[in-house]
Structure formats: C-alpha cells, structure tokens
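Novice: Sending over a structure as structure tokens; questions will come in a sec.
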Ligand SMILES: Nc1nc2c(ncn2[C@@H]2O[C@H](COP(=O)(O)OP(=O)(O)O)[C@@H](O)[C@H]2O)c(=O)[nH]1
Ligand SMILES: [Mg+2]
C-alpha cells in the first residue's frame, strides 16, 4: 500500500519531530494544530506518522530500536528535514540516556543550517506546577544533553533553542511553533530528475523510470546502464555513493544492501539534493521490499507523480 504517501515526498518543507515513544509528539502536533490537521497516511510503515497542516508536512518519528533499515529511514527523514523538533519527556528519567544518544545521532544526520528545537515536554507534571513527578530542571537537561555546545562550537551550524512545553495544556506550544516557523527556510529541494533506475547486485534491473522525453534524456539511459554494470561488484561488497558527470548530465549512484539506485539530472542540478533524492527513493524501495509491499507499477506511479513536469 503506497497510495497517499506521495504527498510527503512532494512537499518541499518538512518538519521532522523526533523523540522516544511517549515523549508527546502526537499530542504536541494535535494540540497545536487544533483540529486543522489531516492525518494522511502511515503507509510507508515503520511507525512514521505524516500529518499535514496547511502547506507543511509534519513527520513524527518514534526513535528507539536498532534495526538497520529503520535507522536508515530515520536518517533519510532527518536529512530531508527543513526543521527538526526533538521532543523529550522530562519525567522519563529511565530513558534519558537513550534520548541523549538519539538526540546527538539526529544532530549528526541533519544538514547544517537546519534549525533544531528542543522541547522539554510535560512541564505540567513538575511539582511546582502542582504535578507529582520528579522532573528534570532546565539546567539538568542542558547539562545532561550537553546543549551548551549549540552556543559554542555548533553556533554557526544550527539555530538552536530549547522550550519548556506542555503538549497537554498547550503551555509554550504557540511560542515554540512560532520560533520554528520563523526559521523555516523557504527553498525547494526537488531537483529536476530525468531518469531513475534501481537494480540489484546481480545486474538485474528492477525499476526503470524516465521523467523526461527521449530528446531531453539524451544519453542518460546508456550512461546509467553502464554505470550499473561497472558497479555491481562494488554494490555486492559494500554500500557506496558515487558521482558522475557526462556531457550534459550529472548522475548519482547510491548503493545499499546489495541494491543500486542511479539517478540522472541536468548538469545544473545541485549535487546534495540529488543525492538525497537517490537515498530517499532507495530507502523507500528497500523498506517496501522488506515489508513485501513493493509493487512496481505503484512505485512508478508514486515517483512519476512527484517528478514529472506538469503538462501544459
Ligand atoms: N502530563 C502530560 N502528558 C503528556 C504531555 N504530552 C503528552 N502527554 C501524554 O503522554 C502520552 C504519550 O503521548 P504521545 O503524544 O502519544 O507521545 P508520542 O509517542 O511521542 O507521540 C499520552 O498519554 C499523552 O497524553 C504533556 O505535556 N504533559
Ligand atoms: Mg506518536
């Protein structure tokens, strides 16, 4: 089942909420959007929720667990994010260590320049607010998570801010969301992809899609097939990312788990966005393979919907 899941890919702006299970991500988004959300799908599986509010897409990801392909997908989301919102339950002393570990893992994945917001959530449970829980103070959180780094060596890398919130009562949620929206970069991330081919390390072509007509494609098909042929040995042994340039195109090869994804675009395409596209599509493909939900025509339809130029 992939129907409906194209909308998250299509969006140019994506806010990714990450945190351990029960940190309060779903409550936060629901409460903030106050009924204007439309929960599209969770169809790519893996407990990732997609919530659409106006023109923004919120991807809610429960961190934890270690299956390699899950982590790969989280990484992809983090790399596509225009803003990161990390939600932490200040009363969850048992899993603080785990949360710290994931927080810094996410920071490593995120592209530089992307704002990161830390929600110290569930402040309504603090004793001074009438709650009955042992909760971490702001100072303790900053110290435990080593958040001072954002004021020193990471200062140029990300705008960072910590908010003490209650997703339940709504305290500080508007302020926090205002901060993140004010920092959203207004840029388009989708490059002009011309052709995409997915193959495996036996040389078998599994998926082959052209997003442009023959004239525009030029030699892309020939070049891509060649690149695959030359790299099946490497893909068999380890994961790789490679970059090629031909007379009028740039081509990116990404291989993972004995599969290769090769994407071509016009020469002016931005390398980094093209790489992210290739990685995202390969992640999506592999996830569907593992879950036995891959179906060639639906996969093609999904990607065609995303990359094809509107017909005039
Ligand atoms: N007291 C309190 N409970 C909260 C808060 N945010 C979430 N919760 C509760 O924590 C539980 C998990 O919340 P949920 O949003 O599903 O967490 P998620 O797994 O991160 O999406 C639910 O019972 C929520 O009602 C908060 O700020 N204060
Ligand atoms: Mg949730």
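The values are calculated or read from the model by the stated rules, or taken from the named source; none is laboratory data. All of these numbers come straight from a predicted model, not from anything done at the bench. Here Cβ is always computed from backbone atoms with ideal geometry, including for glycine, and neighbour counts include all displayed protein chains.
Novice: Any residue in the range 119-133 that's farther than 14 Å from residue 164 by Cα: show its pairings with residues that are assigned to a strand (DSSP E or B) and more than 7 Å from ligand 1 (Cβ to nearest atom) at Cβ separation under 9 Å, as long as the two are six or more apart or on different chains.
Specialist: 127/133; 133/126
Novice: Sticking with this structure for a sec: Condition first: at positive phi and out of contact with any strand residue (DSSP E or B) (no Cβ under 6 Å at 6 or more places or on another chain). Now tell me which residues in the range 117-174 satisfy that. Break it down stepwise before answering.
Specialist: Initial filter on the range 117-174 (at positive phi): 122, 130, 146, 170, 172.
Hits for the range 117-174 are 130, 146, 170.
Matching residues to (1) under 23 Å from the mean Cα position of the chain (by Cα); (2) in the same structural domain as residue 114 (by TED's automatic domain parsing); (3) outside any helix (DSSP H, G or I):
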site: 142; (1), (2), (3): no, yes, no
site: 150; (1), (2), (3): yes, yes, no
site: 153; (1), (2), (3): no, yes, yes
site: 157; (1), (2), (3): yes, yes, yes
site: 161; (1), (2), (3): yes, yes, yes
site: 170; (1), (2), (3): no, yes, yes
site: 175; (1), (2), (3): no, yes, no
site: 180; (1), (2), (3): yes, yes, no
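Novice: Kindly evaluate residue 220 against the criterion of being at pLDDT 85 or above, crowded, with 17+ Cβ neighbours inside 10 Å, in contact with a helix residue (DSSP H, G or I) (Cβ under 9 Å, 6 or more places away or on another chain) and not assigned by TED's automatic domain parsing to the domain that holds residue 98.
Specialist: no
Novice: Moving to a separate point now. Would a scan of the range 262-269 turn up a residue that is surrounded by fewer than 16 Cβ atoms within 10 Å (Cβ to Cβ) and not assigned by TED's automatic domain parsing to the domain that holds residue 76?
Specialist: Here is the first cut: in the range 262-269, the residues surrounded by fewer than 16 Cβ atoms within 10 Å (Cβ to Cβ) are 267-268.
From what's left, not assigned by TED's automatic domain parsing to the domain that holds residue 76: 267-268.
Yes; the residues of the range 262-269 include at least one that is surrounded by fewer than 16 Cβ atoms within 10 Å (Cβ to Cβ) and not assigned by TED's automatic domain parsing to the domain that holds residue 76.
Novice: I'd like the residue in the range 6-21 that is at pLDDT 90 or above and more than 10 Å from ligand 2 (Cβ to nearest atom) and, out of all such residues, is farthest from residue 274 (Cα to Cα).
Specialist: Per the criteria, the residue is 20.
Novice: Have a look at 256, 275 and point out the one that is touching a strand residue (DSSP E or B) at 6+ places or on another chain (Cβ under 7 Å), outside the structural domain of residue 75 (by TED's automatic domain parsing) and under 21 Å from residue 71 (Cβ atoms). Reasoning before the result, please.
Specialist: Details: 256 fails: touching a strand residue (DSSP E or B) at 6+ places or on another chain (Cβ under 7 Å).
Answer to the selection: 275.
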